[in-house]
1. Using a 10 angstrom cutoff on alpha carbons, build the Gaussian network for the chain and name the most mobile of 105, 271, 161.
2. Run the simple label-point estimate for residue 243 and residue 91 please: 7 Å along Cα→C-beta, distance reported in nm.
3. So, in nm, how far is label residue 309 from label residue 52 when the simple model puts each one 7 Å beyond its Cα toward the Cβ?
4. Using a 7 Å offset from Cα along Cα-Cβ at residue 143, what residues in region 153-181 end up with backbone N under 16 Å from the label point?
5. Per the Debye formula with a single identical scatterer at each Cα and no solvent contribution, what log10 I(q)/I(0) holds for the chain at q = 0.11 Å⁻¹?
6. Place a point 7 Å from Cα of residue 218 in the direction of its Cβ. Which residues in region 53-90 have their backbone N less than 18 Å from it?
7. Using a 7 Å offset from the Cα along the Cα-to-Cβ direction at both residue 62 and residue 357, what is the distance between the two label points in nm, to one decimal?
8. Note the direction-averaged projected area, equal to a quarter of the hull surface, for the Cα convex hull of region 103-192, in nm².
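Readers should treat all values here as calculations from the given coordinates under stated rules, not as data from a laboratory. What you see is a predicted model; the values in this text were computed from it and never measured. Cβ placement follows ideal geometry from the backbone for every residue including glycine, while neighbour counts extend to all protein chains displayed.
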Amino acid sequence: MKKKHLLTAAATAALVLLILLLFRLGDDDAAQPAAAQRGQTAVPVAVAPIASGDITEQVIFTGSLVAAHRVEIATRIAGRLEHLHVDIGDAVEPDALLAELDDDEVRQSLEQARAELAVARAGLGESQAALAAARRVLVRTQELRTQRIASQSELEAAQTELDAQQARVALARSQIDQRQAAVRNAEIRLAYTRIHADAKAEPTRWLVADRFVDRGSILQANTPILALVDLTPLRARVFVTERDYARLSPGQPVTLTTIAYPGETFPGWVERLSPEFREASRQARVEIHVPNQDQRLRPGMFVEARIITRTLSDATLVPVDALVERQGRPGLFLVETTDTGPTARFVPVETGIEERDRVQIITPALEGRVVTLGHHLISDGTRLRPVDRDELDDVETGSNH
C-alpha cells in the first residue's frame, strides 16, 4: 500500500512540472512581439521618397451627352404620308428630300386657281376693250357737243360710262392679283407636300435620330415626322453642387470617359454655367462643349467628366499609401536616421490636392522617405528595416501562414 502512494505522488509532481514548463514557454512567446514593439527588433516596411513636383486638382461629375443641334422635321399642311425617303441612322445632306405627302388634292386646287386666273385675265381684256370704246364715245360726244349737235346730258352720260369702264378695269386687275395670289398659295402648298432638309444648313453630317410616323399615316399640319441631329459638336450636361460651382469657370479643360469606350478619353471644355440653382436639388447645370470630331460619341450616352480646376508647381508630394490615421489625426511615418538605424517618427500632416496615387502635403515641410506599407506593425520610435515592396509581401504572407 505504501509503495502505491509513492508512485501516485511521483506522477502528480511530474504533471505539475510539465504545466509550469508550458506556462514558461507561453510567456517567452508573448514577450517576443513586445520586445519588437520596444524597438529591439527592426520591422520590415516598404518606403518611398518624398517628392516635389506639379499636381493637378480635378473634380469629377457624371452626366449625359446631348446634341448641340437637334431639329424636328414637321409637316406644314395636312395630308397622307406617301413616301418616307430616310429612316433612323441615315445621313442627311442639306436640301435632301426627306418625305412626300399625297398631293392630288393640292394639285387640283392649283389647277383651279390657275383656271380662275385665266378667267380673270380674260375679264380684264374685256373690260379694257369696253374702256377703249367708252373713250371713243366720249371723244365723239364732245365733238358733237362742240357743234351743238349732242346735248349736255349725252356728254355727261358718255363721261359716266367712261368712269364706269375704268372702275371695271381696276376691278378686273384686282381680281387678277387675287387669282395670282391664289395660284402662289396653291404652289406653296404643293411644295409643302415635298419635305426637304434645310437647304441653308451648315455643311455637316446630319443623321436621322428618330422617326415619329410611318408611311400611309394621315397627318395634320405641324405634325413631327423626323428628328435630325448634328453630332459635331455635342454637349455634356452635368449638375454641380454649391461647393463645386465656385471652382468652375468657362474655358476650363475637361476629360470625358464613357463605358462605351473603356480606357479611352475624350477632350472638351466648360462652355456655360447656369446662373441659378434648382431649389429641389440645390444644384446648377453646367454645359461642356465636346468637339466629337470623329463622331464616335452619341447623344444620350452616360459620361464621367473630370474638370481641371487648378495646377500647383513645386508641391510636396507623397504616395497616398503613406497616409495613416492615429488617434483621429491624419499623418504619416517619416523614416528618421538615428544611431540605432532607421526609426519611425509619426508626423501629423495637413493634406491638399490628391491626384491618383499622390497627395500634396501642405504642412509641415518634409523631406526624406516615408513608410508606404507596414504601418500596422510599427508605432512612433519603432526601428525599421526598409525592404522592397515585393519582399515585404512575402514576409507578411509567410507570417500569415
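1. Comparing 105, 271, 161 in the GNM, the peak value goes to 161.
2. Computed distance between label sites residue 243 and residue 91 equals 4.7 nm.
3. About 2.7 nm separates the two model spin labels.
4. 155
5. Reported log10 I(q)/I(0), two decimals: -1.01.
6. 75-83
7. Once both label points are built, they end up 2.6 nm from each other.
8. Numbers: hull surface 22.8 nm².
Directional mean of the projected Cα hull area for region 103-192 stands at 5.7 nm².
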